[in-house]
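Laboratory data are not the source of any read-out in this text; all were calculated from the coordinates shown. Keep in mind it's a predicted model, so treat the numbers as computed, not measured. Don't worry about glycine lacking a Cβ; one is built from the backbone with ideal geometry, like all the others, and counts go over all protein chains shown.
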Amino acid sequence: MLLACQNIVKTFVSAPVLKGGYFHIEEKEKAAVVGINGAGKSTLLNIITGVLSPDEGEVLITKGTRLGYLTQHQGLQSERSIYEELASAREDVFAMEKELRSLESRMPAASGEELTLLMERYSRLSHEFEACNGYAVRSEIAGVLKGLGFTQEEGERPCSVLSGGEKTRVALGKLLLQQPDLILLDEPTNHLDISSVSWLEGYLKDYPGAVLVVSHDRYFLDRFVTKIVEVENGLVSMFSGNYTTYAAKKQQAREIALKHYYNQQRQIRHEEEVISRLKSFNREKSIKRAESREKMLARIDRLEKPQELNDKMFFTLEPHVQSGNDVLYIENLSKAFGSRLLFRDLNLDIKRGEKAALIGDNGTGKTTLLKIINGLLPADTGLLKLGAKVKVGYYDQEQQLLTEENTLFDEIREAYPGMTDTLIRNTLAAFLFTGDEVFKTVSALSGGERGRLSLAKLILSPCNFLILDEPTNHLDMASREILEDALSHYTGTVLVVSHDRYFINRVAGRILELDQQSLTAYLGNYDDYLEEKKRRTDLPAAGTDTNAGEKRSDSARQRQARKEEETARRRKEARLRQTEAQIEEAEQKIARLEDEMARPETAVDAPRLLELSKECEALRGELDGLYAQWEELGSG
């Protein structure tokens, strides 16, 4: 065992962030820390690395274990080139190589005991150099450089001129080359494109040491982690398996907890009705029995209703007006900045109801293309045409469409002046902005909060063509799943740029790859795109296979069947959530009616009391039906 955390407690300004729990990391184990934004994931890593001290509990690290830590906002101050900075991680190997060359130059002129000593030193050092993979160290550095998205020419750029994201990539590469026993990574995929993330997955999967990573990239976690460390409501828990396995276990546990909660609620309601009937007999024996039952009811350990962020934040997207069948038509579109050509002769046709994902490496021009479609940048050549009744809603990656000095409330009111104050507050509350938070300025918001505010503005717009640039950036997993559900049920048209392959898999029905200055279309989601791209690559070798077409057809049918199953599952989950909300609403109505019936002025108003009693009885009947519906949906 390399690491164990026992009952870690940490409080900031009287607000507890971590409240205990336990997890451990074994040698070579690959684990992920998950939880909503603000749950305490980065705090946990900072405590493990000694940046912060726990208020209670202890961190146990095996003696001699070397830790490597990449923070979310890595500062890199260096005047060296990118290649030199990466190479500095293996200074010990280059020092050995230098000494070997020195020994080689000295041996021809040496003799006797001096030569013997030089040869012995040379032999020991050669074995050590080979054990450190010294003969391949330059290839290893070049591989990391390329894997993280830098060309050989870019490797000569000084680190001092790099952007924050590029510096983080260099810091990540340097950390990987140092090969510590346990790597701790905080959101390492934030500044990587899809190809770099894929490379990192493979690198970490085969990494000889252990890895503990904080990430919201579910596809990334599915590919290489074997343990999930969850931080929820301050408590730390362990789950074996990748993210999908963990999510299934959590959903199953929640359904069981909900079932127990609803069963107890029915038992409580039944007891309360029995008590009420016994008291209505107004006999001493009946009243004593009622009091006895009341005491038993008071001793019940009442279960809390299981909550998720999905329960608190929920929204739907629906176009106000249906567009024509032709939504977007592009012909021979080209764009360059000076001598740098991004793309040429792009052709694209998007129809109503399509959900297309635009993918490609960083710098290929994806965001530029979206800005051209939105009229924010001019194209150099080509034709771009929006169809009849098309209303565009644009989600900007940098949220430049937000006014920094506005409050959240003013941001919505300025965009939609016809909305009432109550409706503005309700909309913001749906995105977890409540109370005085609506009067925070945009400039004071975190990345995730800015993303939620942009989404709130988007759902209010009368759009039927959503153009989304990295909408899942800064969103935690639960928020991403909410957005995925909303887009999956959206009847309008979607064009999205995203590096989130899990998100693309759930939302997209068509992949548009921008690569080598041209656009290639693939039907299906991201997994379908990978399969089809591999098929096209293997096509010459597969030309002799007479059953290839039939196999592809079977594969396509299987993929379609999986998609239909996934759609049916999502619809069922949506109905479950809707039923739970209806149950909660009915219970609240019954509670309000019972409060009113208990008032002295109502107790003496027989007609009003009868009316409320009938209404309450009708709601109880409705509640029984909702309970039955919930059980039926939950048992399938």
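Run the reach check for Lys385 against lysines, Cα to Cα strictly under 24 Å, same-chain hits fewer than 8 apart removed. What comes back?
Reachable lysines: Lys335, Lys351, Lys355, Lys366, Lys371.
Roughly what angle does helix 447-460 make with the longest principal axis of the chain, taking Cα atoms, 0 to 90 degrees, to the nearest 10?
50 degrees
Treating the angle as unsigned and between 0 and 90°, give the value, to the nearest 10°, between the Cα long axis of helix 284-298 and the longest Cα principal axis of the chain.
With both axes taken from Cα atoms, the answer is about 10 degrees.
Can you tell which of Leu303, Ile256, Ser280 lies farthest toward the positive end of the dipole of segment 255-307, using +1 and -1 charges on the Cβ of basic and acidic side chains (Lys, Arg; Asp, Glu)?
Towards the positive end, the residue furthest out is Ser280.
Just to confirm a number: summing +1 for Lys and Arg and -1 for Asp and Glu over residues other than Arg283 whose beta-carbon lies under 13 angstrom from that of Arg283, what do you get?
Charge balance in the 13 Å sphere: +3.
Would segment 348-387 count as rounded, prolate or oblate if I go by the C-alpha gyration tensor, calling it rounded below 1.5 in a/c and otherwise prolate when a/b exceeds b/c, oblate otherwise?
Note, shape of segment 348-387 comes out oblate.
Over 21 Å between C-alpha atoms is what I'm after, so list which of Lys174/Lys533; Lys174/Lys227; Lys174/Lys205; Lys10/Lys30 land there.
Lys174/Lys533; Lys174/Lys227; Lys10/Lys30
What list of ³J(HN,Hα) values in whole Hz, one per residue of segment 154-160 in order, does the Karplus curve 6.51 cos²θ - 1.76 cosθ + 1.60 (θ = phi - 60°) give from phi, with Gly and Pro shown as x?
Computed from phi, the couplings for segment 154-160 are 5, x, 8, 5, x, 5, 5 Hz.
Find the all-direction average of the projected area of the Cα convex hull for segment 326-536, expressing the result in square nanometres with one decimal place.
12.5 nm²
Before rounding to the nearest 500, sum -39500 (n - 2.57) across all DSSP H runs of length at least 4 in the chain and divide by the residue total; then give [θ] at 222 nm in deg cm²/dmol.
The helix contribution divided over the chain gives -16000 deg cm²/dmol.
Charges at C-beta only: +1 for Lys and Arg, -1 for Asp and Glu. How large is the resulting dipole of segment 255-307 about its Cα centre, in Debye rounded to 20?
For this selection, approximately 260 debye.
Quick one: what are the phi-derived ³J(HN,Hα) couplings along segment 243-257, Karplus 6.51/-1.76/1.60 with θ = phi - 60°, whole Hz, x for glycine and proline?
Along segment 243-257, the couplings run 5, 4, 4, 4, 4, 5, 5, 5, 5, 4, 5, 5, 4, 5, 5 Hz.
Among Leu619, Gln152, Gly164, flag the residue with its Cα farthest along the positive direction of the charge dipole of the chain, charges on Cβ as +1 for Lys/Arg and -1 for Asp/Glu.
Selected residue: Leu619.
With +1 on each Lys and Arg Cβ and -1 on each Asp and Glu Cβ, and nothing else charged, work out how big the dipole of segment 185-292 is about its Cα centre, in Debye to the nearest 20.
Using Cβ point charges on Lys, Arg, Asp and Glu, segment 185-292 gives about 1100 debye.
Treating only the Cβ atoms of Lys and Arg (+1) and Asp and Glu (-1) as charged, compute the dipole magnitude of the chain about its Cα centre; round to the nearest 20 debye.
It comes to approximately 1320 debye.
Sort 431-437, 496-502, 355-361, 26-32 by the packing proxy (mean of other Cβ within 10 Å over each peptide's residues), most packed first.
496-502, 355-361, 26-32, 431-437
Tell me which label goes with the value of Rg and Dmax of the Cα atoms in Å computed from the coordinates here: (1) 30.7, 120; (2) 24.7, 80; (3) 30.1, 102.
(1)
Only Cα pairs under 8 Å and at least 6 apart count here; give the relative contact order of the chain as a rounded whole percent.
Taking the mean separation of contacting Cα pairs over the length of the chain, I get 13 percent.
Need the C-alpha centroid separation for segment 337-380 versus segment 491-523, integer Å.
Distance between centres, Cα-based: 12 Å.
So what J values fall out for segment 521-527 if you push phi through Karplus, 6.51 cos²θ - 1.76 cosθ + 1.60 with θ = phi - 60°, rounded to Hz, Gly and Pro as x?
9, 9, 7, x, 8, 5, 4
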